[in-house]
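Trainee: Structure below; questions to follow.
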């Protein structure tokens with residue numbers, strides 16, 4: 001009798017365990033390797049006593065070397081605060097490295113560092129992070145916050161601001 005009761009309990013426990021749904025995956029399929037084209041905009045607000053507003057708009061080609069690592073080169077136009085009554089215009093070239101952590105099939109977190117040069121001004125260092133949304137199989141949208149250092153003949157100027165990117169896998 002005891003043996004029959006133990007067997008019945010084991011069968012019940014095994015049947016209940018077999019009916020549990022599988023645990024969901026924590027990390028989705030990685031971003032495919034290959035080339036990406038991105039249109040990227042950043043507005044930077046100066047954070048020191050000489051407050052300023054700079055805007056950059058550019059195009060970038062990225063290569064996804066691994067599912068979590070990208071390297072890219074960006075070329076763009078920069079609208080810079082010049083004299084108090086005037087705006088200055090310049091060309092921006094930037095080399096960017098990106099690591100990306102997947103949160104789900106559609107959401108990920110990019111962490112970026114870019115080193116470049118602003119023509120007639122000097123070096124630029126941009127570090128950015130935010131959220132990336134996969135809109136379709138080849139189309140993505142990134143919202144980011146981008147702290148930036150602008151180096152000129154007069155000094156180094158820190159800035160921070162929002163960025164927006166639309167990217168397309170080629």
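The values are calculated or read from the model by the stated rules, or taken from the named source; none is laboratory data. Just so it is clear, the structure is predicted and the values come from calculations on it, not from any experiment. In this analysis, Cβ positions are derived from the backbone assuming ideal geometry, glycine residues included, and neighbour counts consider all displayed protein chains.
Trainee: State the number of residues belonging to region 95-107 that are modelled with pLDDT of 95 or more and crowded, with 16+ Cβ neighbours inside 10 Å.
Mentor: The qualifying residues number 2.
Trainee: Right, here's the next one. Looking only at region 28-52, filter to residues that are without any contact (Cβ under 8 Å) to a residue 40 or more places away in the chain and closer than 25 Å to residue 149 by Cα; which one of those is farthest from the chain's Cα centre (by Cα)?
Mentor: By that ranking, first place goes to 49.
Trainee: With respect to residue 69, is the statement that it is over 14 Å from the mean Cα position of the chain (by Cα), at pLDDT 75 or above and surrounded by 14 or more Cβ atoms within 10 Å (Cβ to Cβ) true?
Mentor: For residue 69, the condition - over 14 Å from the mean Cα position of the chain (by Cα), at pLDDT 75 or above and surrounded by 14 or more Cβ atoms within 10 Å (Cβ to Cβ) - is not met.
Trainee: Pick from region 145-162 the residues that are over 19 Å from residue 117 (Cβ atoms) and part of a strand (DSSP E or B): which of them is farthest from the chain's Cα centre (by Cα)?
Mentor: Restricting to residues being over 19 Å from residue 117 (Cβ atoms) and part of a strand (DSSP E or B), the top hit is 160.
Trainee: Follow-up. In region 72-90, which residue that is surrounded by fewer than 15 Cβ atoms within 10 Å (Cβ to Cβ) and either modelled with pLDDT of 95 or more or touching a helix residue (DSSP H, G or I) at 6+ places or on another chain (Cβ under 6 Å) (or both) is nearest to residue 41 (Cα to Cα)?
Mentor: 77
Trainee: Could you tell me which of the residues 111, 139 is in contact with a strand residue (DSSP E or B) (Cβ under 8 Å, 6 or more places away or on another chain), more than 17 Å from residue 56 (Cα to Cα) and loosely packed, with under 13 Cβ neighbours inside 10 Å?
Mentor: Result: 139 is the single residue among 111, 139 that is in contact with a strand residue (DSSP E or B) (Cβ under 8 Å, 6 or more places away or on another chain), more than 17 Å from residue 56 (Cα to Cα) and loosely packed, with under 13 Cβ neighbours inside 10 Å.
Trainee: So which of 119, 159, 59 is surrounded by 15 or more Cβ atoms within 10 Å (Cβ to Cβ) and either more than 17 Å from residue 35 (Cβ to Cβ) or without any contact (Cβ under 8 Å) to a residue 40 or more places away in the chain (or both)?
Mentor: 159
Trainee: Can we say residue 78 is touching a strand residue (DSSP E or B) at 6+ places or on another chain (Cβ under 8 Å), part of a strand (DSSP E or B) and closer than 19 Å to residue 132 by Cβ?
Mentor: Details: touching a strand residue (DSSP E or B) at 6+ places or on another chain (Cβ under 8 Å): yes; part of a strand (DSSP E or B): yes; closer than 19 Å to residue 132 by Cβ: no.
Here the answer is no, as residue 78 does not meet what is asked.
Trainee: With respect to residue 92, is the statement that it is closer than 23 Å to residue 141 by Cβ, in contact with a strand residue (DSSP E or B) (Cβ under 9 Å, 6 or more places away or on another chain) and assigned to a strand (DSSP E or B) true?
Mentor: Yes: the conditions hold for residue 92.
Trainee: Go through region 42-52 residue by residue and tally those that are more than 19 Å from residue 143 (Cα to Cα) and assigned to a strand (DSSP E or B).
Mentor: Residues in region 42-52 being more than 19 Å from residue 143 (Cα to Cα) and assigned to a strand (DSSP E or B): 1 in total.
Trainee: Does residue 26 qualify as being loosely packed, with under 15 Cβ neighbours inside 10 Å, modelled with pLDDT under 85 and not in a loop (DSSP other than H, G, I, E, B)?
Mentor: Here the answer is no, as residue 26 does not meet what is asked.
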